[in-house]
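One structure is given below, encoded as structure tokens.
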Amino acid sequence: MATQRLGIIMNGVTGRMGTNQHLIRSICAIRAQGGVALSNGDKVMPDPMLIGRNASKIEALAKAHGVTRWGTDLDDALANADDTVFFDAGTTLMRPALLAKALRAGKHVYCEKPIATNLNEAVEIARLAQGSGLKHGAVQDKLFLPGLRKLDMLRRAGFFGRMLSVRLEFGYWVFEGDLQPIQRPSWNYRQEDGGGMILDMMCHWRYVLDNLFGEVKSVSCLGTTHIPKRWDETGQPYEATADDAAYATCQLIGHQGEPVIAQLNMSWATRVRRDDLVTFHVDGTDGSAVAGLSACRAQSRVATPRPVWNPDEKQSMNFFDQWQEIPDSQVYDNGFKIQWEHFIRHVVEDAPYRWTLPEGAKGVQLVEAALESWKERRWVDVSPMHI
């Protein structure tokens, strides 16, 4: 059994997601386990090169996690033929140009979502990647969440019968910054910096809907800025110019050709009273299920209770107790790490891989359709993409 090195240039990993999910819980975790196993029994050991604009910050991050290579010159890093993969978790505004530069330097590319802030740039970079002959991928981490994997198992088992609807509830209260410290970056709430709920989250919901429930055919969306004034990392007030909540309805065509309605409520100005920060409630003729990040609970047709509407008496049923929890039938690894392993196998041994940049462009397509719907106050069709 042999172990081969894979040099990976990691750009923009000093941010929360880049540090926690991609560096620590993915690449460092893969290194700690001895690499990624290939189909022939060999191993691939990722060798990261951390790139950032702030030298002291990127050096401290590298030293904290046992990474020996770091720098501030991306062009110099791209010129190194020993590093064959480029990963970007920086700002969305810069992503298409950085991906194009890496592709032209002959690097395989992998990136966070969204792959661009607008559909034209998303399609352009996806086409460049497709025509390059290089490997490419976009993060679609929600598909690997334990809760959604359990939900997908129910779907594949035929548990729902004919699927009727999906109701998504996502979000939590993001502190404004005056009374409590902010827990999300301030740029998330400035449209000019690439912020906004619709841009951030509709990319996720596109691949979740398409893969688990049905192909998105149309969308009606209302966005809003509930909190117009926030305070940044230095305690200075600023105008929140991006949407911090959105309320959408999507029409889907299910995997068996049936119509499915999806309702998507997402907000950074809501207080949580549900099982998790995100829940997916699926109703079907034969059963229903509710999945969060980790847990999934189901209620079959034959186990459905018969509540009685009586506004004159206190409700005697505890509806939360009437659902059966789907057990952990396997060990569920970190979703970001799982997709990294898939991509590394795709690069090294050409293993099948479907979470490509064209799939990432579909997410941006739904973003633009949702924004158009909000602006024009109408339903917008989502046509098939050909890249």
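Just to confirm a number: summing +1 for Lys and Arg and -1 for Asp and Glu over residues other than ILE115 whose beta-carbon lies under 11 angstrom from that of ILE115, what do you get?
Summing Lys/Arg as +1 and Asp/Glu as -1 gives -2.
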Check your understanding: Ranking ASP276, ASP200 by Cβ neighbours within 10 Å, fewest first, what do you get?
Key -> ASP276, ASP200
Exercise for review: Quote the Stokes-Einstein diffusion coefficient, in whole µm² s⁻¹, for region 286-387, based on the Kirkwood radius over alpha carbon pairs, a temperature of 37 °C and a viscosity of 0.692 mPa s.
Suggested key: 173 µm²/s
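State which entries of LYS113/LYS337; LYS113/LYS142; LYS63/LYS107; LYS150/LYS337; LYS57/LYS135 exceed 23 angstrom in Cα-Cα distance in the structure shown.
LYS63/LYS107; LYS57/LYS135
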Check your understanding: Given that just one value was derived from the coordinates, which of (1) 17.7; (2) 21.8; (3) 16.5 is mean projected area of the Cα convex hull in nm²?
Key -> (2)
Review point. So, by mean Cβ neighbours within 10 angstrom, what's the order for 228-240, 58-70 with the highest one leading?
Key: 58-70, 228-240
Study note, to complete from the structure: At R0 = 22 Å the Cβ-Cβ FRET efficiency linking SER218 and LEU164, nearest 0.05, sits at 0.80
**Study point:** Nitroxide proxy distance, nm - points 7 Å out along Cα→Cβ at ASP312 and ASN80
**Key:** 7.8 nm
Point to revise | Positive dipole terminus of the chain, leading residue within GLY147, ALA370, ASN188 (C-beta point charges) | key: GLY147
Exercise for review: Compute the distance in nm between two label points, each set 7 Å from the Cα along the Cα-to-Cβ direction, one at THR3 and one at ARG156.
Suggested key: 3.1 nm
Exercise for review: With runs of 4+ DSSP H residues as the only contributors, calculate the mean residue ellipticity of the chain at 222 nm using -39,500 (n - 2.57) per run, divided by the residue total and rounded to the nearest 500.
Suggested key: -8000 deg cm²/dmol
Revision key, fill the gap. Quick numbers on region 1-96, Rg and Dmax over C-alpha atoms in Å, give 13.4, 43
Practice item. Any chance you could run the full-extension gain for ARG53 through THR285? It's 0.36 nm times the residue separation minus the Cα-Cα distance, nm to one decimal. Key: 78.1 nm
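No value in this document is a laboratory result; all are computed from the given coordinates. None of the values given here were measured: they were computed from a predicted structure. When we count neighbours, we look across all protein chains shown, and the Cβ atoms used for this are built from the backbone with ideal geometry, even at glycine.
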